[in-house]
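Enquirer: For reference, the structure I am asking about is given below.
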Amino acid sequence: MSTEAAVRWDGAAYSLANAHHRAFDEEFLAPLGLRAGLRVLDVGCGTGELPERIAGIVASGTTGTPVTAVPAGEVVGVEPDPSNFAVADRRARPGLRFVQARAQDLAAAVGGGPSFDVVLSVAALHWIPGADHPRVLAQMASVLRPDGLLRLDLGGSGQIERPREVLDALARRHGLPEAPWHFPTAADHAELLAGAGFSLDGGWARLLRQRRAFPGAADLRLWLRSQVLPAYLRGVDDAAAAQFTAEAEARCLQELRRDDGSYDQDYVRLDVLARRH
Ligand SMILES: C[S@@+](CC[C@H](N)C(=O)[O-])C[C@H]1O[C@@H](n2cnc3c(N)ncnc32)[C@H](O)[C@@H]1O
């Protein structure tokens, strides 16, 4: 078993289970003032729901202005996982394309040069080792035009604490690798942003506390299988993965049930709006 193996996603399952992220898309996009003609890059776009929504704004040419007067906007989604990428890529059409690459290789993957008006990322950067974050932010800066906007959502310090306690302990008992997540504080991340050439004037790097809705046991199971347990199963063979999954589900159903009968989760998000110098 290698702790270096990549997390394996199941695109079909993830696309059924990301509604808890989509519920926050509207407020995430609001400060960007998106309009037709902008070029937008979504890093770690998963199965492509958010870039598809954004393409409907920037690449539609429907702002009340005649289409011919609006320059062609575009959304590019970058996603490394083969299964998530395949689901996203089925959405491709004029004004919306997908590139299979890691954030660490962003500039080369999208052609280099400061050609984007907005770079954004939702729920992806905490899957990247902390040591790589300066390089990822520097590459995001390099593809943004001067004054372009960076908008990030990622897990922040304190994210899903209770599930992690339960699962970390179980993974240790099973001899499984640690989850790769990196959940930074707002202060640490603000320092990295400054170092990569971003300004927080008129923006922010702050922690947000959210309650995410998982009404029943089936919702919790789908969440665990599609986006939580894969973090512990890098390089693990199918038999060991099945055993861990069964035990992890049973423990989580027991430990994570709230008094109101739901399995809602406490999310802590690092929420960023920054401007490239
Ligand atoms: C929870 S999903 C979020 C997907 C999507 N942004 C959304 O809002 O639904 C996390 C995504 O981060 C991607 N990811 C993991 N490591 C990455 C890396 N090094 N570079 C870019 N994306 C990465 C995963 O493949 C996965 O699709």
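Enquirer: GNM on the chain, C-alpha springs below 10 Å: top fluctuator among His189, His20, His126?
Expert: Result: His20 has the largest fluctuation of those listed.
Enquirer: Probe radius 1.4 Å, ligands and nucleic acids ignored: give me the carbon and sulfur share of the accessible area of the chain as a rounded percent. Write out the running numbers ahead of the final one.
Expert: Values: 6250 of 12260 Å².
Answer for the chain: carbon and sulfur cover 51 percent of the accessible area.
Enquirer: Using the Cα atoms of the chain to build a convex hull, what is its mean projected area in square nanometres? Let's see the in-between values first.
Expert: On the way: hull surface 59.4 nm².
The Cα convex hull of the chain, projected and averaged over all directions, gives 14.8 nm².
Enquirer: Once the other residues with Cβ under 15 Å from the Cβ of Val118 are scored (Lys, Arg +1; Asp, Glu -1), what is the net sum? Could the numbers behind the result be given before it?
Expert: Working: positive: Arg35, Arg39, Arg53, Arg145, Arg151, Arg275, Arg276; negative: Asp25, Asp42, Glu74, Asp117, Asp147, Asp153.
Neighbourhood net charge equals +1.
Enquirer: Residue farthest toward the positive end of the dipole of the chain, with Cβ of Lys/Arg at +1 and Asp/Glu at -1: which of Ser83, Phe116, Ala274?
Expert: In the chain, that residue is Phe116.
Enquirer: Summing +1 for each Lys or Arg and -1 for each Asp or Glu, what net charge is found among the other residues whose Cβ lies under 14 Å from the Cβ of Leu34?
Expert: On the way: positive: Arg35, Arg39, Arg53, Arg151; negative: Asp25, Glu26, Glu27, Asp42, Glu52, Glu74, Asp117.
After counting each charged neighbour, the total is -3.
Enquirer: Continuing with the same structure: Would you mind estimating how fast the range 29-142 diffuses translationally, via Stokes-Einstein at 4 °C and 1.567 mPa s with the Kirkwood radius over Cα pairs, in µm²/s? Please report the intermediate quantities before stating the final value.
Expert: Details: Rh = 14.3 Å.
Answer, rounded: 90 µm²/s.
Enquirer: Rounded to the nearest 20 debye, what is the charge dipole size of the range 48-203 about its Cα centre when +1 sits on each Lys and Arg Cβ and -1 on each Asp and Glu Cβ? Before the final figure, lay out the partial values.
Expert: On the way: 13 positive and 18 negative charges, 78 e Å.
So the magnitude is around 380 debye.
Enquirer: Based on Cβ point charges of +1 for Lys and Arg and -1 for Asp and Glu, what charge dipole magnitude is obtained for the chain about its Cα centre, in debye rounded to the nearest 20? Walk me through the numbers on the way to the answer.
Expert: Numbers: 30 positive and 35 negative charges, 87 e Å.
The calculation lands at about 420 debye.
Enquirer: Given labels modelled 7 Å from the Cα in the Cβ direction, how far is it in nm from Glu165 to Gln254?
Expert: Each label point lies 7 Å from its Cα, and together they span 1.6 nm.
Enquirer: Turning to a different aspect of this structure: Determine ³J(HN,Hα), in whole Hz, for all residues of the range 129-143 in sequence, where each value follows from phi through the Karplus function 6.51 cos²θ - 1.76 cosθ + 1.60 and θ = phi - 60°; x replaces Gly and Pro.
Expert: Those phi angles translate into x, x, 4, 8, 4, x, 5, 5, 5, 5, 6, 4, 4, 5, 9 Hz.
Enquirer: Give me the number: length gained by fully extending Ala30 to Arg53, i.e. 0.36 nm times residue separation minus the C-alpha to C-alpha distance, one decimal in nm. List each step's numbers first, then the result.
Expert: Values: separation 23, 0.36 × 23 = 8.28 nm, distance 1.30 nm.
This chain segment gains 7.0 nm when fully extended.
Enquirer: Net charge within 12 Å of His133 by Cβ-Cβ distance, Lys/Arg positive one each and Asp/Glu negative one each, not counting His133 itself? If you can, show how the numbers build up before the last one.
Expert: Values: positive: Arg135; negative: Asp132, Asp188, Glu191.
Here the count lands on -2.
The values are calculated or read from the model by the stated rules, or taken from the named source; none is laboratory data. Computed from a predicted structure; not experimentally measured. In this analysis, Cβ positions are derived from the backbone assuming ideal geometry, glycine residues included, and neighbour counts consider all displayed protein chains. Only protein heavy atoms, including side chains, enter the accessible area calculation; ligands, DNA and RNA are left aside. Shrake-Rupley method; radii C 1.70, N 1.55, O 1.52, S 1.80 Å.
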